[in-house]
Each structure stands twice: as C-alpha cells, then as structure tokens.
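Structure, as structure tokens:
Just so you know, all these numbers are worked out from the coordinates, no wet-lab data involved. The structure presented is a predicted model; accordingly, all values stated were derived computationally and were not measured. Don't worry about glycine lacking a Cβ; one is built from the backbone with ideal geometry, like all the others, and counts go over all protein chains shown.
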Amino acid sequence: MRSPPEAGRARRGAAAYRAGRAAEALAQALLEAEGWRVLARRARTAAGEIDLVAERAGLLAFVEVKARRDLDAAAFALGPRQRARLLAAAEAWCAARPGYGAAGIRFDVILIAADGRARRIADAFRLE
C-alpha cells in the first residue's frame, strides 16, 4: 500500500500525463488545420523525446508543446537545457530518416493554456 505522499504524487503525475496528452492532441489539430502532416507524436530517440514532428511542403518542424496555466507561464517553460535536448533528439531523428526536410528544418513551440488557448511560435530557436 502506498503512503499518502506517494499516492498524491502518483495522482499528480497521472493528471500531468493526461494534460500533456491533451495538449499534444490540441497542438496536432492546430498543425493539421494549417496544412501540416504530423509524421510522429512523442517520437523517441536515444537523445530524448520530441513531442511532434511535422512536415509541410518539404519543411520539417520539430515541435515542443508546453502546457501551463496561462500562455505566459508556458512561454517560459522551455529552458536552455531542454532546447539542447530537443536539438540532439532532432539530429538523431534526422539521422535515422534522411529523406525528410528537403526544404529546411525548424523548431516550433506550441503554447497551450489551461483554458484551451493555443499559440504557435514558428522557428522559435535556431542552432547558432
């Protein structure tokens, strides 16, 4: 039997997992409405996981989805360490699938607020 703190942590973890899945589904619908084809959802690589990989007219987008109580909180949720992990994961994904990204590659962030509002930041960061 779990102790009360462990049970609470498990409930919060399950709720966060469900919220993350719902945010990713909303982000996928947003991309598809804009003409993107989602190639992968929760793509796992040796370097980490990529929330969404999408392509439109040969342009490949690696998309990080951030869900928080409001859009401002979501905007500040992607730090340098996570950006580095995403870059490494994208490199691994591309190495395993060399036929994608003929028109370029970019990194987008989709912010999701608790009330369902969403904002996409296209080409959110580049490899300097």
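Worth a mention:
- For the chain, the longest principal axis of the Cα atoms and the long axis of helix 80-96 meet at an angle of about 50 degrees.
- Most mobile listed residue (L52, L111, L39) in the chain, GNM with C-alpha springs under 10 Å: L39
- Overall, the chain carries a charge dipole of about 480 debye about its Cα centre when +1 sits on the Cβ of Lys and Arg and -1 on the Cβ of Asp and Glu, all other atoms neutral.
- Qualifying GluC sites (Glu not before Pro) for region 18-60 [loop in DSSP, other Cβ within 10 Å: at most 13]: E34
- Beta bridge orientation in the chain: antiparallel %, DSSP, nearest 5: 60
- Proximal charge balance of R21 [Cβ under 11 Å; K/R count +1, D/E count -1]: +1
- Gyration tensor (alpha-carbon) shape descriptor, region 22-121, a/c threshold 1.5: oblate
- Amide hydrogen neighbours beyond the local backbone of L39, cut-off 5 Å, H modeled: V53, A54, E55
- The distance separating the Cα centre of region 1-58 from that of region 79-128 comes to 14 Å.
- Note: relative contact order over the chain, using C-alpha pairs below 8 Å and six or more positions apart, is 23 percent.
- For the chain, the longest principal axis of the Cα atoms and the long axis of helix 4-33 meet at an angle of about 30 degrees.
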